[in-house]
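Read-outs: derived from the displayed coordinates by stated rules, not from any lab. Treat the numbers as computed from the prediction; the structure is a model and nothing was measured. Counting neighbours? That spans all protein chains shown, and the Cβs are built from the backbone with ideal geometry, glycine included.
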Amino acid sequence: MTPFPIDCVRARFPAIAGTDRPPVFLDNAAGTQVPQSVIDAVAQGMAQGACNLGGKFAGSRRAMDIWDAAHQAGADIVGAPTPRGVIIGSSMTALTMHISRSIGRLCQPGDEIVLTRMDHEGDVAPWLLMARDHGLTVRWVSFDTDSWQIEPEALRAVMSQRTRLVAMNYASNMTGSINDMAALVRVVHEFGALAYVDAVQLTPHRLPDVVAIDCDFLVCSAYKFFGPHMAVLWGRESVLEGLEAYKCRCSSDELPERFELGTPQTELLAGLVATADYLASLGDLAGHTGTRRERMLGGYAAFGAYETALTLRLIEGILAIPGITIHGITNPNRIAQRVPTVSFTHDRIATHAFAQGLADQDICVWSGHNYALEPARQLGLDEDTGVVRLAIAHYNTGEEIERTLAALAAVAAAARA
Ligand SMILES: Cc1ncc(COP(=O)(O)O)c(C=O)c1O
C-alpha cells in the first residue's frame, strides 16, 4: 500500500504548516484544524454569496447554489441517497434540541425512551428534557466494561413495546470505542422505535453510512472533521415527513428547509462543501476515482491505516508509563473497534495538572469530563477532573506521538521523584 502522504497533507493546514515548531494538536476530539481550501471557501462564500436566498439577482442565486451544494455535501458525508433529509444547523447539540421538540410530539405520557451511559451530553440532555416535557420514562443502558461497547443484548433488555426512541453514540468521546451500530439499530427496530445516532466522534475517522446501518437519524459536526463550526443532521425522509416542524409560519414547508431555522450561514455552507472536497482529495492522493463519496471512502481508507499505526504506538507508549490507567480498548487485536481517542487517569497526578504539564511542553490535550458525564459516572471517575484525553487526527505524525510520549513520561516522572 502507498504510504499516507503526510507531508503533503500537513502542508494544507496553515495552523500546522505555518510555524517552525507547531504545537502538537492532540485535542482533535474537541475540534480539528482546518485546511486552507476550507478557509478560502468560507472567505469566498462571504465575498460572493453574502446575500439572502430566494432573490431575483445573481448574488442571491449564488447563495442558493451554495445552499444546494452544501446539502449534497452533507448527503455525501453521511451516505444519504438524496439531500432531502439533510438538515444543517449550528451544532449537533442545537440540532438535537430542535428535532427533539418535534419527535416529542410523537410520544404519549408513559411511553419510554432509551439513553446510554456512553453518550456525550449533547445526545442525553435534549432527550431528558423531552422526557420531562412529555411524561416519558427514561431507561438507561450501560456499556460493557470488558468490550467497552453497548452490547445488543443489554439494549434489548431495556427495550419494550412502549419504547419510542433510542439515542446512542456511534463512537465515544471519552473511551473511543465504536459501537456495532447496525446490530444496535436492528434491536431498536425490532421494537418499532426510532434510532437516533450521534456520529460526531466517528465521522473524523470513519465515514458513516446511514443506509448500511439503517438508522432513522444520524448527526455529525463538521468542526470535528476539518470543517467549519456547524453540524449536519440526517433524517429518514418518511420519518421527517411525519414530524411537525417548529418554524416560522411564513418559512418553507418543504424538506429539509422546514427544519432549518432563520437565514442560512451561507459562508459556512460553502466551507462544508470544501470540507467534503478536502476529504475526497485524500482519496485522490491515494489514487481513488469515482463519485465524491467513493473518493472520500478511499481517503478514509488511506488515512485509517495511518491513524491506526499512530494509535497503537500511543497506547503502547502510555501503557509503559507507571501509574497510568487507560479507560478504553487497549488490546491491539481490537484496535478496529475504537477511534484514536485515548483517555487516561494517573494514580498521583490530577488530570488538570497533567494537561497543564503537557501544555507547558506545547502538547495540546484536554482534561475533565469532556461532557461525557454518564461515562465518567459509570467508570466511577470524579466528574470535575474526569480524564486526560489525547485524540489523534490524520495530520498528526509519528514524531509528534514520540514527542508526546516523552512529555507524558516527564510529567509522570516528576510526580514520582
Ligand atoms: C460524541 C459527541 N456528541 C456530541 C457533541 C456535541 O457536538 P456540538 O459541539 O456540535 O454540539 C460532541 C462534542 O464534543 C461529541 O463529542
Q.
For region 29-68, which trypsin sites (Lys or Arg not before Pro) pass both filters: DSSP loop (anything but H, G, I, E, B) and at most 13 other C-beta atoms within 10 Å?
A. LYS56
**Q.** Local electrostatic count at LEU405 - Lys and Arg +1, Asp and Glu -1, tallied over other residues with Cβ under 13 Å
**A.** -2
Q | Selection from GLY104, LEU53, ASN179 lying farthest towards where the dipole of region 40-275 points positive, charges on Cβ | A | LEU53
Q) Taking the simple approach of a point 7 Å from Cα along Cα-to-Cβ for both ALA17 and GLU399, what is their distance in nm? A) 1.6
Q. If one computes the Cα centroid of region 373-400 and of region 1-44, what distance in Å separates the two points?
A. 21
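For ARG313 and THR82 in one chain, what is 0.36 nm times their gap in residues minus the Cα-Cα distance, to one decimal in nm? Working shown, then result.
Numbers: separation 231, 0.36 × 231 = 83.16 nm, distance 3.99 nm.
The ARG313-THR82 span can extend by a further 79.2 nm.
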Q | Cα-centre dipole for the chain with unit charges at Cβ (Lys and Arg positive, Asp and Glu negative), debye to 20 | A | 320
(Q) From the C-alpha coordinates alone, can you work out the Kirkwood hydrodynamic radius of region 40-275, in Å? (A) 18.2
Q: Post the alpha-carbon centroid distance, region 302-372 to region 78-146, in whole angstrom.
A: 29
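Extension gain ASN52-ARG416, at 0.36 nm per residue separation less the Cα-Cα distance, in nm?
On the way: separation 364, 0.36 × 364 = 131.04 nm, distance 6.08 nm.
Computed gain between ASN52 and ARG416 is 125.0 nm.
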Q | Listed residues ALA167, HIS189, MET130: farthest to the positive end of the dipole of region 116-224 (Cβ charges) | A | MET130
Q: Just rank ASP146, ASP20, ASP360, ASP277, fewest to most, by other beta-carbon atoms within 10 angstrom.
A: ASP20, ASP146, ASP360, ASP277
Q. Quick one: TYR306, TYR196, TYR278, fewest Cβ neighbours within 10 Å first, how do they rank?
A. TYR306, TYR278, TYR196
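Under the 0.36 nm per residue contour assumption, what length would be gained going from the current alpha-carbon distance of GLU241 and ALA212 to full extension? Numbers along the way, then the final one.
On the way: separation 29, 0.36 × 29 = 10.44 nm, distance 2.14 nm.
That works out to 8.3 nm of additional length.
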**Q.** Cα Rg, Dmax, the chain, angstrom units
**A.** 21.5, 72
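When a footprinting reagent is the concern and you count Cβ atoms within 10 Å, what order do VAL138, VAL197 take, fewest first? Please report the intermediate quantities before stating the final value.
Values: VAL138 15, VAL197 28.
Starting with the residue having the fewest Cβ neighbours, the order is VAL138, VAL197.
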